[in-house]
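Working notes, structure below.
The values are calculated or read from the model by the stated rules, or taken from the named source; none is laboratory data. All values derive from a computational prediction rather than experimental measurement. Positions of Cβ are backbone-derived with ideal geometry, glycine not excepted, and every protein chain shown enters the neighbour counts. SASA here: full protein model, heavy atoms, side chains in, ligands and nucleic acids out. Shrake-Rupley method; radii C 1.70, N 1.55, O 1.52, S 1.80 Å.
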Amino acid sequence: MQCELCGAIIKGAPKRVRIEGAVLQVCPKCATLGVEVAQPRPVESKRKAVAATPGAPQRRGRDVFDLMVGEIVEDFGERIKSARLEKNWTQKDLANEIKEREVLIRKIEKGDLIPEDEVRVKLEKVLGISLLDVSDEEVRRQKGGRLATTLGDIITIKRE
């Protein structure tokens, strides 16, 4: 490897040095011209790598999309606008009610901006509408998928 400062061939490990703001890999002679910088550590996964056994299912990390139930409806802007108009509110009134900016409401109603989950929940609560397209199967999966009465349900009923 060559010194990035003088061009000499480096024997052994190069030194990482900051010289006038630039981090360079230099020879020991040129290392005296700057301040030595710590070598970057290789990025290790926080999870310990498990030896993969053939045929064993690979476990993947949780994803934001795993927490989502349904997708936002295509006509979300129209639904928000019609619900707002039913309450005889202006965009400014709605923005004040959910403590957001009027510009955000305007863009969402035009369909230029899809509301984030936090804003979507506020809008649904204040306007009394649903902006998610949720199938029955997804609702069952979210609630654990149980449809039959369990022993725990019976105990709860007895206590009441």
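If you go through segment 105-119 and keep only what is open to solvent by 40 Å² or more (accessible area, probe 1.4 Å), under 11 Å from GLN91 (Cα atoms) and touching a helix residue (DSSP H, G or I) at 6+ places or on another chain (Cβ under 7 Å), you end up with just ARG106. Only residues that are out of contact with any Lys or Arg (no Cβ under 7 Å at 6 or more places or on another chain) and under 12 Å from ILE80 (Cβ atoms) were counted in segment 101-132, giving 17.
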